[in-house]
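Undergrad: Dropping the structure in here first, questions after.
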Amino acid sequence: MKPINSKTEYEAIMTRINELVEIVDDTTPQIDKNYIELDFLTDLVVAYEKEHYPIGKPSLPDVLKARMHEMNLTQKSLAEMLGISAPRVSEYLTGKTEPTLQIARKIHNELNIDANVILGAM
């Protein structure tokens, strides 16, 4: 299997994938030529994207902000939920300080944030 070597090749393959997605569905047999082509091209794109468009590790401040948005929480309401001060939440959101183990557990339990993200272990 020849890897994708340029952005032009990548874009051409993405165009073909978009065409195939219109043809292939859940009822398409795995031996269908379009299904096989889509599967093959998808593997090429995944390899190219891993190399050229890597996804970085999420930071605790970014995940906290996203979860606050999802749960419609303010800094004040998050502080109350965690039993800490609003300025302390602000420090977590800016990355100035990291939560204690006790608060990390609360963040994990109350916000359902992966412990690896909280501990920076990802």
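The values are calculated or read from the model by the stated rules, or taken from the named source; none is laboratory data. As the structure is a prediction and not an experimental result, all values here were calculated from the model. A quick note on method: Cβ atoms are made from the backbone with ideal geometry, for glycine too, and the neighbour counts reach across all protein chains shown.
Undergrad: Please enumerate the residues belonging to the range 73-96 that are surrounded by fewer than 13 Cβ atoms within 10 Å (Cβ to Cβ) and aliphatic (A, V, I, L, M). Outline the logic, then answer.
TA: Residues of the range 73-96 that are surrounded by fewer than 13 Cβ atoms within 10 Å (Cβ to Cβ), as a first pass: 74, 76, 83, 87, 94-96.
Answer for the range 73-96, where residues must be surrounded by fewer than 13 Cβ atoms within 10 Å (Cβ to Cβ) and aliphatic (A, V, I, L, M): there is none.
Undergrad: Still on this structure, please answer the following. Would the range 56-72 turn up any residue that is assigned to a loop (DSSP other than H, G, I, E, B), of a type in the set (Ser, Thr, Tyr), surrounded by 11 or more Cβ atoms within 10 Å (Cβ to Cβ) and touching a residue at least 24 places away in the same chain (Cβ under 8 Å)? Write out each step before concluding.
TA: Keep residues of the range 56-72 that are assigned to a loop (DSSP other than H, G, I, E, B), which gives 56-59, 72.
From the residues that got through so far, the ones that are of a type in the set (Ser, Thr, Tyr) too are 59.
Going one step further and asking which of them are surrounded by 11 or more Cβ atoms within 10 Å (Cβ to Cβ), we end up with 59.
Filter once more, so that each one left must be touching a residue at least 24 places away in the same chain (Cβ under 8 Å): 59.
For the range 56-72, residues assigned to a loop (DSSP other than H, G, I, E, B), of a type in the set (Ser, Thr, Tyr), surrounded by 11 or more Cβ atoms within 10 Å (Cβ to Cβ) and touching a residue at least 24 places away in the same chain (Cβ under 8 Å): present.
So that you can scan it fast, the table gives a plain yes or no per residue for (1) touching a helix residue (DSSP H, G or I) at 6+ places or on another chain (Cβ under 9 Å); (2) touching a residue at least 60 places away in the same chain (Cβ under 8 Å); (3) surrounded by 10 or more Cβ atoms within 10 Å (Cβ to Cβ):
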position	(1), (2), (3)
18	no, no, no
21	yes, no, yes
27	no, no, no
30	yes, no, no
43	no, no, yes
53	no, no, no
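Undergrad: Filter the range 24-37 for residues that are in contact with an Asp or Glu (Cβ under 9 Å, 6 or more places away or on another chain) and of a type in the set (Val, Ile, Thr) and give the result.
TA: 24
Undergrad: Quick one: in the range 99-121, of everything that is assigned to a loop (DSSP other than H, G, I, E, B) and surrounded by fewer than 14 Cβ atoms within 10 Å (Cβ to Cβ), which residue is modelled with the lowest pLDDT? Write out each step before concluding.
TA: Applying the first criterion (assigned to a loop (DSSP other than H, G, I, E, B)) to the range 99-121 yields 99-100, 112-114, 120-121.
Then drop every residue that is not surrounded by fewer than 14 Cβ atoms within 10 Å (Cβ to Cβ), which leaves 100, 112, 114, 120-121.
Details: 100: 93, 112: 94, 114: 92, 120: 78, 121: 65.
Among them, the one singled out is 121.
Undergrad: Right, here's the next one. Considering every residue within the range 30-40, establish whether at least one is within 23 Å of the chain's Cα centre (by Cα) and in the same structural domain as residue 112 (by TED's automatic domain parsing).
TA: We begin by selecting, within the range 30-40, every residue within 23 Å of the chain's Cα centre (by Cα); these are 39.
If we keep only those that are in the same structural domain as residue 112 (by TED's automatic domain parsing) as well, we get none.
No: zero hits.
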